[in-house]
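Student: Submitted below is the structure of interest, expressed as structure tokens.
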Amino acid sequence: MKSVEIRVKGILDPSWSEWIGNLEISYQQDSSLFSGEIKDQAMLYGIIKKIRDMGLELMSIEIVDS
């Protein structure tokens, strides 16, 4: 498993966590940070697709081995 941190522009409601792969949401200034474990690259691409479909601005993605 790998840990992922995905930052998007804007402050999202915490209820979006369930829709974005049950990743935890935290906030810094004008951005939201999704963080947590992903099982594989396909799951990551699915999350990125959802972010795109929501019209959110992707700011960064960081993947860290667990």
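Student: Restricting attention to segment 2-13, which residues are more than 12 Å from the chain's Cα centre (by Cα) and surrounded by 10 or more Cβ atoms within 10 Å (Cβ to Cβ)?
Tutor: Those that are more than 12 Å from the chain's Cα centre (by Cα) and surrounded by 10 or more Cβ atoms within 10 Å (Cβ to Cβ): Lys2, Gly10, Ile11.
Student: Residues that are out of contact with any Lys or Arg (no Cβ under 8 Å at 6 or more places or on another chain) and among the small types (Gly, Ala, Ser), at least 1 per element: which strands (runs of 3 or more DSSP E) completely within the chain meet that?
Tutor: Strands (runs of 3 or more DSSP E) meeting the threshold: 2-9, 24-28, 31-38.
Student: Just to be sure I understand, how many residues within segment 52-66 are under 13 Å from the mean Cα position of the chain (by Cα), open to solvent by 80 Å² or more (accessible area, probe 1.4 Å) and in contact (Cβ under 8 Å) with a residue 40 or more places away in the chain?
Tutor: Within segment 52-66, residues that are under 13 Å from the mean Cα position of the chain (by Cα), open to solvent by 80 Å² or more (accessible area, probe 1.4 Å) and in contact (Cβ under 8 Å) with a residue 40 or more places away in the chain number 4.
Student: Of all residues being among the polar types (S, T, N, Q) and open to solvent by 70 Å² or more (accessible area, probe 1.4 Å) in segment 25-51, which is farthest from Glu62 (Cα to Cα)? Just the residue, please.
Tutor: Gln29
The values are calculated or read from the model by the stated rules, or taken from the named source; none is laboratory data. Given the structure is predicted, the values throughout are model-derived calculations rather than measurements. Methodologically, a virtual Cβ is constructed for each residue, glycine included, from the backbone with ideal geometry; neighbour enumeration extends over all protein chains shown. Heavy atoms of the whole protein, side chains included, go into the accessibility calculation; ligands, DNA and RNA do not. Shrake-Rupley method; radii C 1.70, N 1.55, O 1.52, S 1.80 Å.
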